[in-house]
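Input: a single structure, listed below in structure tokens.
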């Protein structure tokens, strides 16, 4: 286990660097480890046997951070609340996509978000965060964290750098008055469901300006809407890349999982918190995610190409008042520069507004025949939902209006079906209004 560099963890052939989609087929696993099995078997076990008492002691010292690792040393297998072979292989492959030193897998996207925040926030801290955000994150940040003494200061993604600066100014004032600190900066970009963009590099600049006595608030980025193909937060100064693996990575609407990736230094506290809270994923879900990673690039490319065609149709439809698709950002819009610098593609999840309100939006949703009426996104099938009445229903109406989550808004996650078939379904549904 602790014998140095392993050949099956090589990312190159000679001087040739292997692409992530290639590494998904075998990186971090050797058939020799499992009776010649081409794919990793499911390690459905709670505990692992140590070869000696000394080995068990050494493994626990690393798992609980009691000493520094020796060169080329790895944490050995102990207990599936701490680590598991399926999850270790999965984490190594996720780290490739996220351009991170280490990834951690969790039981859900919300487990990844909450564990990452708990690892860095303390009573009295300020959390600066973008808005809008996923409904579960919104509830955690608005309702639960304040019960533990965390003050939240939000800014609208649509307000760009000025909005972020204003929020940080307010945070600094609070810190000066209360002798506290900014514990973390949490971004969701693109935002759910508006596709509003947040400048990760600017957030990192603000984080660097807050370095004090060795503490710098980590920049955490929920990368679910575009990751891991179309946006890499670590390239722009993000410290932790958080992803709902349920979505594109899982991609088949048959599992729940999440991940958090970053440098060894930044991910360390999150790993300890995961061990103690028990928010780690399970072996079978890890095995399913390894399967899905092999087709991730194919699926995301197909769904993005399909979304471009569907968005183009909706953008020209007389009963649609707006299409919030990243490719349609005007050159004069402040998000255009961020999009071109930070994102590699517009992705396949976007929202559009029908002319009217909730009644008209519901008529369209109820008339769909091929497209499924369901929350979530990033699956092989196309899904439609109504954010104001569903995923963001707990957001106060005034805040929904301020953030652009209107009653006329429909969110669409385009799958891998033939785009022309999706367009035909939308066409007949729009005839109902």
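Data for the structure
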{"read-out": "Which listed residue, of 157, 167, 107, 161, is touching a residue at least 40 places away in the same chain (Cβ under 8 Å) and touching a strand residue (DSSP E or B) at 6+ places or on another chain (Cβ under 6 Å)", "value": "157"}
{"read-out": "Meets criteria (within 16 Å of residue 97 (Cβ to Cβ), touching a helix residue (DSSP H, G or I) at 6+ places or on another chain (Cβ under 7 Å) and in the same structural domain as residue 97 (by TED's automatic domain parsing)) for residue 255", "value": "no"}
{"read-out": "Listing of strands (runs of 3 or more DSSP E) fully contained in the stretch 321-433 that carry 1 or more residues being farther than 21 Å from residue 254 by Cα and at pLDDT 95 or above", "value": "349-354, 409-413"}
{"read-out": "The stretch 78-88 - residue that is in a loop (DSSP other than H, G, I, E, B) and in contact with a helix residue (DSSP H, G or I) (Cβ under 7 Å, 6 or more places away or on another chain) and, of those, nearest to residue 264 (Cα to Cα)", "value": "82"}
{"read-out": "Selection within the stretch 346-370 - surrounded by fewer than 16 Cβ atoms within 10 Å (Cβ to Cβ) and farther than 16 Å from residue 427 by Cα", "value": "357, 358, 359"}
{"read-out": "Residues that are buried (at least 23 other Cβ atoms within 10 Å of the Cβ) and closer than 15 Å to residue 345 by Cα, drawn from the stretch 299-310", "value": "300, 303, 307"}
{"read-out": "Filter result (in contact (Cβ under 8 Å) with a residue 60 or more places away in the chain and either over 11 Å from residue 106 (Cα atoms) or assigned to a helix (DSSP H, G or I) (or both)) within the stretch 271-284", "value": "271, 272, 273, 274, 275, 277, 283, 284"}
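The values are calculated or read from the model by the stated rules, or taken from the named source; none is laboratory data. Just so it is clear, the model here is predicted, and its values are computed rather than measured. Neighbour counts run over all protein chains shown; Cβ positions are idealised from the backbone, glycine included.
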